[in-house]
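The values are calculated or read from the model by the stated rules, or taken from the named source; none is laboratory data. Note that this is a predicted model, so its numbers are computed, not measured. Cβ coordinates were reconstructed from backbone atoms using ideal geometry, including for glycine residues, and neighbour counts include every protein chain displayed. We work out accessible area using only protein heavy atoms, side chains counted, and drop any ligands, DNA or RNA first. Shrake-Rupley method; radii C 1.70, N 1.55, O 1.52, S 1.80 Å.
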Amino acid sequence: MKKLLLYILLFCAGPAALAQKPCSKPEYRQFDFWIGEWEAFGPKGQKAGDSRISLQLDSCTIFEEWTSATVQKGLRFAGKSFNMYNAAQKKWQQYWVDNSGASTSYFDGHYEEGKMILQTANERINDSTWQIQRMTFYNLGPDKVRQHGENSNDGGKTWTTSFDLEYRRKK
C-alpha cells in the first residue's frame, strides 16, 4: 500500500518533483558569503558606499547593487553586477555596469581557501596600455568581507592596488 501511495504522489507531482534545481551544486554556493546588506569602508575608515547583494534567478545569480557614499564631479557613483558560476567553463564570472557608462567583464574567476578571485582578460585601455583587473573577496566571517581591487599593466607580473574595501554587515 505504501508503494502504491508513493507512486501516486510521484505521478501527481510530475517530473518537476524529481528534477534537481539547475544551480544546486556546491560550486554555486561558494560566493554566498557576500550575500547581504553592507556598508563599505576604505582603508582609513571613511565610508565608501552601501551595497546590497542578493540571490536571484532561482539561486543561480548573485546580484550586486552598489551606491557610493559621496558625490564626485556632480555624480553619486552607482553600479550593478551579475555574478554566477559558469558550469560549462568551470569558472566564476562577473559582469559589472555603472552610471558612468563603464562596464567590466571579470570572466576568469575561481574560489580558493575562503576567497573569491575574479579577473579580467588583458584588455586594451588606450593605444599604448594594456591592463588586467583583479578583485579578491575575502570571507572574514559572517559580518565582514574584504574586497581588494588590483590592476596590472605588465601582463600580471606586478599588481597595484586600485581599491581596498571592508564590507560590514548592516545590523
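Annotations
- For the range 126-155, the set of residues classified as surrounded by fewer than 12 Cβ atoms within 10 Å (Cβ to Cβ) and touching a residue at least 24 places away in the same chain (Cβ under 8 Å) consists of Thr129, Pro142, Gly155, listed by residue number.
- Scope the range 130-171; condition in a loop (DSSP other than H, G, I, E, B) and closer than 17 Å to Phe107 by Cα; matching residues: Gly155, Gly156
- Answer residue from the range 56-69, given it is of a type outside the set (A, V, I, L, M) and open to solvent by 70 Å² or more (accessible area, probe 1.4 Å) and is nearest to Lys25 (Cα to Cα) among those: Asp58
- Residue within the range 70-87 that is part of a loop (DSSP other than H, G, I, E, B), modelled with pLDDT under 95 and surrounded by fewer than 17 Cβ atoms within 10 Å (Cβ to Cβ) present: yes
- In the range 88-121, of all residues being of a type outside the set (Asp, Glu), part of a loop (DSSP other than H, G, I, E, B) and under 17 Å from Thr136 (Cα atoms), the one that is most open to solvent (accessible area, probe 1.4 Å) corresponds to Ala121.
- Residue in the range 28-40 that is of a type in the set (Ser, Thr, Tyr), over 22 Å from Thr136 (Cβ atoms) and not in a strand (DSSP E or B) present: no
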